[in-house]
């Protein structure tokens, strides 16, 4: 029927008129995005409304006009002409490391555009982007028809305990954390590895796995109590139940049990075991007894008939106004009958 019509193809519109007994032809153009990846692209109008989408290397027919073509949130202008095929070539970016992680691609305003698993390439239109790996960033320039491999290294922190390590930048900001023995990827650079508030610097190199070996320390005892690890300044680094090991960067530390400090050494790949003893005051009643050092300073207190763990050494025990000496030996239980 003769008249004016609007023809729509892939949500692109074309105004035309039909005349009686005449064949009206509407000539389209086409657009196709070429990429080496297994992904989809979209065609948008000037108002950023998506019109159609297709797998890369598959063409979309459109009426001539001005469009935006989007792949992984990167855009280019497209003006297909009647009867023509407009081919748009992309580049790819990839982070080829062996960790079970993801990397992200950001624009110049640090807005995340897309992400992918390590080893899986992403198609992008040409431009300058930031690739983020565990909050470590590196700029990547993507060129049409070219593959960009972002350099990255792998970090593995070894340890025998069920604990986690953290990776910090040089400003002390935590970038990522993982269970001991689980690898993390980072762009090349210098970082600090922290385990139970003990730290060591590392340098990440592209294509190289950097290994950090921790050691462990455990203070054993027979009571339901906790010990702490402190540094040379007396700052507490970590604490655990007696018998539960702690992983630390190799070095010399102090273990504190009931206000009593003893020196401990942590060696890479080894677990150092230190044995405490216990003391119990046996007597009738419900009074408390106190454990004192040689200067008379109170170290611990406990209700009578309840044991307290102490490092091996000589102490004084006070119940009321009475004081008696006591010697505690590693791995042994001492009972004072009052």
| request: Averaging over all projection directions, find the projected area of the Cα convex hull of the stretch 183-304 and quote it in nm² with one decimal place. | output: 9.5 nm²
| query | For the peptides 234-247, 288-301, 320-333, what is the packing order when you average, over each peptide's residues, the other Cβ atoms within 10 Å and list the highest mean first? | reply | 234-247, 288-301, 320-333
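When N is the residue count of the stretch 215-275, what does its C-alpha Rg come to as a fraction of 2.2 N^0.38 Å?
Details: Rg = 10.4 Å, N = 61, 2.2 N^0.38 = 10.5 Å.
My calculation over the Cα atoms of the stretch 215-275 gives 0.99.
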| Using 0.36 nm per residue, how much length does the chain from residue 230 to residue 211 gain when fully extended, once their Cα-Cα distance is taken away? | 4.3 nm
| field | Modelled FRET efficiency - R0 56 Å, residue 222 with residue 96, Cβ distances, 0.05 increments | value | 0.60
| Cα-based convex hull, the chain, per residue volume (Å³, whole number) | 186 Å³
| note | The Cα extents of the stretch 165-246 along the principal axes, largest first and rounded to whole Å, are 49, 26, 17
| said: Taking every pair of distinct Cα atoms and averaging 1/r, then inverting, what Kirkwood hydrodynamic radius in Å comes out for the stretch 234-338? | reply: 15.0 Å
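Over all distinct alpha-carbon pairs, what is the Kirkwood Rh of the stretch 91-149 in angstrom? Numbers along the way, then the final one.
On the way: mean 1/r = 0.0890 Å⁻¹.
It works out to 11.2 Å.
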| request: Provide, for q = 0.18 Å⁻¹, the log10 of I(q)/I(0) from a solvent-free Debye sum over equal Cα point scatterers in the stretch 277-338. | output: -0.53
| remark: With Rh as the Kirkwood radius over Cα pairs, the stretch 156-210 has Rg/Rh of 0.93
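Could you calculate the FRET efficiency of residue 11 with residue 38 from 1/(1 + (r/R0)^6), where r is the beta carbon distance between them and R0 is 22 Å, rounded to 0.05?
Values: r = 24 Å, r/R0 = 1.11.
Plugging the Cβ-Cβ distance into 1/(1 + (r/R0)^6) gives 0.35.
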| What order, most packed first, do the peptides 125-134, 74-83 have when packing is the mean number of other Cβ atoms within 10 Å of each residue? | 125-134, 74-83
| query | Taking the Cα-to-Cβ direction at residue 117 and at residue 327 and moving 7 Å from each Cα, how far apart do the two end points lie in nm? | reply | 6.5 nm
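Readers should treat all values here as calculations from the given coordinates under stated rules, not as data from a laboratory. None of the values given here were measured: they were computed from a predicted structure. All Cβ positions, glycine included, derive from the backbone under ideal geometry; neighbour counts span all protein chains shown.
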